[in-house]
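What follows is one structure encoded as C-alpha cells, with my remarks underneath.
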Amino acid sequence: MKMLFTVLFAIVYSVAFGQSTYQEWAAQAETNIRLKPKYGNVKKTKEQQEIDRDFVEQTMKSSRYNGDKTLASNQMIEVGFQYLYKGDLKTAMYRFNQAFLLDSGNTDIYWGFGAIYMALSNLEKAKEQYDEGLKLDPKNPHLLTDYGTYYLLKYYEVEKSAKATAKAHLGKAIEKLTVSYGIDPKDQNTLYKLSGCYLLNNDCPNARKFYKLCASEGGDPITEAYTKELNSACGQM
C-alpha cells in the first residue's frame with residue numbers, strides 16, 4: 001500500500017524530508033550545540049550561560065506569560081513545529097532547545113526533538129527521544145502518538161521483505177496509538193493514524209470508526225486521497 005504510506009505521511013513531515021541528511025546534521029552539530037537535544041548536555045561557557053539567563057529572564061517578564069514557565073515553554077514548542085513544517089529544521093531545533101531552557105520538565109520537548117530526527121529520517125534517534133520523554137511522563141499523548149508513528153514507519157521499512165516483523169511493528173503502532181487515544185480521545189493526528197493502521201491491518205470497521213471520529217473533530221489531517229483509499233478498500237461510506 002504505497003499510496004496509503006503517501007497519504008498518511010504527506011501532511012506530517014513531507015515538508016521537512018529531504019532538506020538535510022542526518023549525516024550533514026550530525027557534522028554541523030559537532031560545532032553547534034544548539035542542534036543537539038538539550039544542547040548535548042554539555043557544560044556551557046560563562047558567556048553562553050549568561051545569554052541563557054537573559055533569555056529566560058526576559059521571557060518570564062513578558063505579560064504574555066506572567067512568569068508561567070510551562071506556558072512559555074509550550075509556546076516555544078509550538079513555534080518550533082511551525083518552523084519544522086516549513087522545512088527549517090535548524091530554527092525548529094533552536095526553539096525546542098529554548099523550550100527546554102524555559103521548562104526542563106516539560107516532556108513535550110522530547111516530542112519536538114523526536115520530530116526533528118523523524119524529519120531527518122533517523123528513526124532510532126527519534127525513538128531515543130520518545131523513550132526519554134516517556135520515562136518522565138508515561139502518559140504524554142504526543143509522545144505516544146509519535147512513538148506509534150515510529151512503529152508505523154518501521155512497518156513500511158519491512159512490509160515486503162519481512163512480513164512477520166512488519167505485522168509485529170503494525171501491532172505495536174496500534175498499541176501505542178490506542179494508549180494515546182485513551183488519554184486524549186480528541187487528538188485528530190492520533191485518530192487519523194489509528195484509522196490508517198487499522199486499514200493496513202484489513203480491519204475496515206475500526207478504520208471507519210477512527211476516520212469518522214477524526215472527521216467529527218474537524219478532520220484536518222484527512223486528505224481526499226486517504227478517503228479514496230479507504231473507500232476503495234472498504235467500500236463507499
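If you take the residues in the range 89-134 that are open to solvent by 10 Å² or more (accessible area, probe 1.4 Å) and within 19 Å of Tyr181 (Cα to Cα), which one is nearest to the chain's Cα centre (by Cα)?
This residue is Trp111.
Hey, any hits in the range 193-209 for a residue that's closer than 17 Å to Asp108 by Cβ, open to solvent by 40 Å² or more (accessible area, probe 1.4 Å) and touching a helix residue (DSSP H, G or I) at 6+ places or on another chain (Cβ under 6 Å)?
Scanning the range 193-209 turns up no residue that is closer than 17 Å to Asp108 by Cβ, open to solvent by 40 Å² or more (accessible area, probe 1.4 Å) and touching a helix residue (DSSP H, G or I) at 6+ places or on another chain (Cβ under 6 Å).
So for the range 156-171 (the condition being open to solvent by 70 Å² or more (accessible area, probe 1.4 Å), part of a helix (DSSP H, G or I) and basic (Lys, Arg)), does at least one residue qualify?
Yes, the range 156-171 contains at least one residue that is open to solvent by 70 Å² or more (accessible area, probe 1.4 Å), part of a helix (DSSP H, G or I) and basic (Lys, Arg).
If I ask for residues that are under 30 Å from Ala164 (Cβ atoms) and in a loop (DSSP other than H, G, I, E, B), which ones from the range 189-222 would you list?
Asn201, Asn202, Asp203, Pro221
Exactly one condition in (1) part of a helix (DSSP H, G or I); (2) among the basic types (Lys, Arg); (3) open to solvent by 60 Å² or more (accessible area, probe 1.4 Å); (4) within 26 Å of Val179 (Cα to Cα) is false for Arg53; which is it?
(4)
With the checklist (1) under 21 Å from Asn122 (Cα atoms); (2) touching a Pro at 6+ places or on another chain (Cβ under 7 Å) in hand, flag the one item Lys172 doesn't pass.
(2)
So Val179 fits all but one of (1) free of Cβ contacts under 8 Å to residues at least 12 places away in the same chain; (2) in a helix (DSSP H, G or I); what number is the exception?
Here Val179 meets the rest and fails (1).
Report every pair of residues separated by at least 6 positions or lying on different chains whose Cβ atoms are under 9 Å apart, first residue within the range 192-220 and under 15 Å from Thr178 (Cα atoms), second small (Gly, Ala, Ser) and outside any helix (DSSP H, G or I).
Going by the 9 Å Cβ cut-off, the qualifying pairs are Tyr192/Gly219; Tyr211/Gly219.
The values are calculated or read from the model by the stated rules, or taken from the named source; none is laboratory data. Computed from a predicted model, the values in this text were never measured in an experiment. Positions of Cβ are backbone-derived with ideal geometry, glycine not excepted, and every protein chain shown enters the neighbour counts. Side chains are part of the model used for accessible areas, which takes the heavy atoms of the whole protein and leaves out ligands, DNA and RNA. Shrake-Rupley method; radii C 1.70, N 1.55, O 1.52, S 1.80 Å.
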